[in-house]
Every structure is written in C-alpha cells, then in structure tokens.
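Here's the structure we're looking at; comments come further down.
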Amino acid sequence: MKLVEHFHTGLDAPICLTWELTYACNLACEHCLSSSGRRDPRELSTAECKAVIDELQRMQVFYVNIGGGEPTVRPDFWELLDYAIDHQVGVKFSTNGVRITPDRATQLAATDYVDIQISLDGATAEVNDAVRGPGSFDMAWRAMENLAEAGFTGFKISVVMTRHNVSQLDEFKAIADRFNAQLRITRLRPSGRGADVWDELHPTHEQQLRIYEWLLDNGEQVLTGDSFFHLNALGSTPLPGLNLCGAGRVVCLIDPIGDVYACPFAIHDEFLAGNVRDSGGFKSVWRSSELFARLRQPQTGGACSSCSAYDSCQGGCMAAKFFTGLPLDGPDPECVKGNAESALALVGAGGGQPPKPDKDHSRTGARRAPVSLGLPTVRVPDRPCDTSPLAGR
Amino acid sequence: MACAVSTERAGAETGWDPRRPYRLSPTVSLRPEPFGALVYDFTTRRLSFLKTLALVRVVKELAANPDVYGALAAAEVPAAENQRYLDALAGLLSAGTIQPRENVREWA
C-alpha cells in the first residue's frame, strides 16, 4: 500500500488541524470562509481550550493552525499560545495583524515553535481593501514591518487567490522577499460569505492556468496548503504536495464552540462530525465519527470516473462542490476541463438551490454591495458592545 | 504540508557510518501510525514519514545499540533488506531526523 493510500483511509490523529478560536473579528472580509464577525457566546472557555490542548498533546498532534475570526482578539490568546507550546503542540496562527505590535513581535520572535501567517489579499491597498475592508492593508503591512524589525524571519504571507489579485503574483512574491517571509497562496472557496462573492471573485479559466504555471515556475518556495490540486489536470507536471482531499482523513477543523468539521471550508451541518465537549472529546470524534468513517471509505469518481484527468485532479474540492450546489461525486465548479459547466447551469434553474452557510456570525445582516475595486464598501463602525471583537481587551 | 524527507537520499557528505552509534534527534518526535510513523521536527517544523513499521523499529533501536547493524538486528530486519534500510537511514541522517550519538554525554 502506498503512503498516500493510508492518508485516504485516515490516520490515528490529524496531520493538519485547524482550530478557529473565535468567530469575533475586527474585519468583515467579503470572502470570509467562516462568516466571522460576532463572538459566539458558546465559545470554548480558557479551561476548555487548555483541555483540548492537553488532548492534542496526548494524540501527538504536533502543531495546530489557529485562526478565526481574528484569534488574537481573544483576551486569553497569548496565554493559550504559551500553553500549547509548553505542551509540545506547536502553533501557527493566522492574523490580520491587528495585535502584532512591536512589543508583541519581539516577544514572538523569541518564542520557539510559533509561526505566524499574515492574511493579505492584495499586493496593493486598493486590491486588498476592496475585499478585506478599509485600512486592512496598512494594518497587515505594519504587522509585517514589526515582525521583520523584530527579526522574525520566515513568517507566512497568506493570500487567497481572486480574480483581482492573480495578476499580482509576482508582486506578492516580492513583498514576501522584502520581509524575509514566505508566500503562501490558497484557493478561494465558496464557503461562508465566500458563497456570496464566489461568482465575482473566483479566478477565470485563464487565471487558473496562470496560477498553475506560476506555481510550477516557483516550485516549493511557495506554499499552497496543497489547495490547488484540482489544477493538476492542466498539465502533466503535478503541483508539489498531496494530491487528495484531506477532509476527515488528514485534516479537520475545530470551531470556536468546539464543533468538529471535516475541513475548514466545510462549516455546515452536513460536515459536522461532533463536538469536543462530547464524552470522549476530540479523540473520539476523530476516530469514531460516522461522518469521518464515511469520508475515509474509497470514493468513486462518480460523473468524473470516465474523465482522463480524474487521477490527477481527484474530482477537486468537496466544499467547493457542496456550496455551489454540485453533487459531491461530480466535477469541481472550477473543473479545468469545463465539465462542471452544464451542472452549474442547472443549479438554481430546476436543479436545486446551492445550500446556504448555516452558521453565520457576520456582524451586519445587510447584504453587501458588489466588490468594487478602489471603492471599498463602507461598513457600520464597530461599537463597544459585548459582541464587538475589540471589546473587553 | 510538505513531505520533506525523501528517505532515498544518500548521506555521504554527512559522514554516515553504520558502524557508529546513532539516535533519534532530540527535537524530533515520532507518532505511530498504521503505515509506520509521522516524523515531526519541532525546530525545522518539517513533517515527514517513516514508511514502514520496521523502519520505525530500527530508528527506535538506534539509541540502545552500539552501531546501526545492531539496531537492524534488534528490529529483526531480514539480512537481505539491510541495504535498503541503511540507505533509508543515511537519508534520515542528512535530513537531521537521526544524529550521531558519540558526542552526547550519556547518564546511565
């Protein structure tokens, strides 16, 4: 049995565990995969988070990817970070930079086993702020300057590829080089609020080809979270990384209230495996949930099985299919062979509606205006109420 | 997630000598899995794999044996497969997963 086949059937513990500590966020990105904004009152307490860390240590989950929301707005964030590191659970956390002050950067630079991922979705303020909100580019830039000045090298700059920033790939690389950081690019998913902007923002077919070729040219210097494997059908050279959907097999998500989902892009009841508060805790969810057992069964190619490219793309991303209303055993909505187009045309036209994200923590219920470059959408200012992520700091 | 280690890599430049003692590097952890083990280096943050259960046994036996041949025997690796395992161990040495033991002061 080849190694990758073991990954299909699942491991004793996840390799890549994402843990979103809070749904609270100071930003309101148009494409937020977790529809974050407001803190959920059921959020795991500090003690409960520490109990999860203890369990991860026992399961030898060597590191977690912490995100949110904006994880650093949790008042106990730094305490939990230290607790994880002291318990042999390394941390990589994603942040928009709001709390990465010069002092904090200095402290982080002196800490082993911590890595930082700064989210940036445009190489210019114009492109970035149209998606992430006014001022977010400058905030991320200051955080990167603070990290670089503190001597924190090799932090990650994490970019979600959209129709507006594919042309900036070289600029992103230059920014990473300038800060002695590493570029990480990932695929946009129609998850959370991403479903609302998917049609406007997901890369065109020509841009997908550009991403694929650019990744081949830039090799392993650029991280991808192995998220572009659906592009492997574009050529004979596979992109570096695991060519499979790891959901429930090597990947999963713990959300702020302890719910365990098959992957970070699948926050929906359909992919809910259990909760860390259940008896047996996370370990029992990972090892015995029915959903995960099903995901670890051999998958058939379904409508894709007759396609010559199936071996290279594996049918693409489960979450992308689900949230665009496509069958899970058919082509990815961004199928590079164009095989999803007829199915997509049926969605909403007698072929059923795409499922809506059912866990919305957005701060405003109002539907946003279209993403318009250069004209950042005006948002309701944060108020110091109890649901504001910045309250109680 | 980068699958960093190719266990086929040669370790000539690292002074690989299976007649000497080795051990798992102190910054490296092994997590048992059905196929072998996950290997995580807390310093380099690199994740890699030991692809057979026998290789996991060999790596664990290194610290208790005066040389690599002793570890292979203790792990019950068939003689015909020794070379394959020696090559894999040379790769683990150049990746920093294992390291020579003689400079380490050992307390009984």
| said: At 1.4 Å probe size, put A:H31, A:H164 in order of accessible surface, largest to smallest. | reply: A:H164, A:H31
| request: In square nanometres and to one decimal, what's the mean projected area of the convex hull around the Cα atoms of the stretch A:54-136? | output: 6.1
| query | A:D311 to A:T204: extension gain in nm, 0.36 nm per residue of separation minus the Cα-Cα distance? | reply | 36.2 nm
| Count of Lys pairs (Cα-Cα under 26 Å; at least 8 positions apart or interchain) in chain A | 14
| query | For B:R84 and B:S29 in one chain, what is 0.36 nm times their gap in residues minus the Cα-Cα distance, to one decimal in nm? | reply | 17.5 nm
| field | Debye, to nearest 20: dipole size of the protein assembly as shown, +1 on Lys, Arg Cβ, -1 on Asp, Glu Cβ | value | 400
| query | If you take the Cα atoms of chain A, find Rg, then find the Kirkwood Rh from the mean of 1/r over all pairs, what is Rg/Rh? | reply | 0.94
| Quick one: how many Å² of A:S167 are accessible to a 1.4 Å probe, rounded to 10? | 100
| field | Separation between Cα centres of the stretch B:32-108 and the stretch A:66-140, rounded to whole Å | value | 36
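Taking 0.36 nm per residue of sequence separation and subtracting the Cα-Cα distance, how much length would be gained by fully extending the chain between A:T124 and A:D76, in nm to one decimal? Working shown, then result.
Details: separation 48, 0.36 × 48 = 17.28 nm, distance 3.25 nm.
Gain in length upon complete extension: 14.0 nm.
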| field | Phi to ³J(HN,Hα) by Karplus 6.51 cos²θ - 1.76 cosθ + 1.60 over the stretch A:161-169, Hz, x for Gly, Pro | value | 7, 10, 4, 8, 10, 4, 5, 9, 3
| What does the average come to when, for each residue of peptide A:8-20, you count the partner chain Cβ atoms lying within 10 Å of its Cβ? | 2
| task | Pull up all non-local amide H partners of A:F155: gap of 5 or more, or a different chain, and H-to-H distance under 5 Å with H placed in the peptide plane. | result | A:Q182
| note | Volume per residue (Å³) of the convex hull spanned by the alpha carbons of the stretch B:10-96 is 88
| Under a 5 Å amide H to amide H cut-off, with H placed in plane at 1.01 Å, what residues pair with A:W19 once short-range neighbours are removed? | A:N65, A:I66, A:G67, A:I254
| query | In square angstrom, rounded to the nearest 10, how much accessible surface does B:Y69 have for a 1.4 Å probe? | reply | 100
| field | Accessible surface ranking that places the most exposed of A:D40, A:D269 first, with a 1.4 angstrom probe | value | A:D269, A:D40
| Accessible area of A:W19 in the full protein assembly, 1.4 Å probe (Å², nearest 10) | 10
| field | Cβ-derived FRET efficiency at R0 22 Å, A:T153 paired with A:Q57, nearest 0.05 | value | 0.20
| task | Divide the volume of the convex hull of the Cα atoms of the stretch A:256-322 by its number of residues and quote the answer in cubic angstrom per residue. | result | 96
| Solvent exposure ordering (accessible area, 1.4 Å, most first) of A:T72, A:T237 | A:T237, A:T72
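The values are calculated or read from the model by the stated rules, or taken from the named source; none is laboratory data. None of the values given here were measured: they were computed from a predicted structure. All Cβ positions, glycine included, derive from the backbone under ideal geometry; neighbour counts span all protein chains shown. Surface areas here come from the heavy atoms of the whole protein model, side chains and all, with no ligands, DNA or RNA. Shrake-Rupley method; radii C 1.70, N 1.55, O 1.52, S 1.80 Å.
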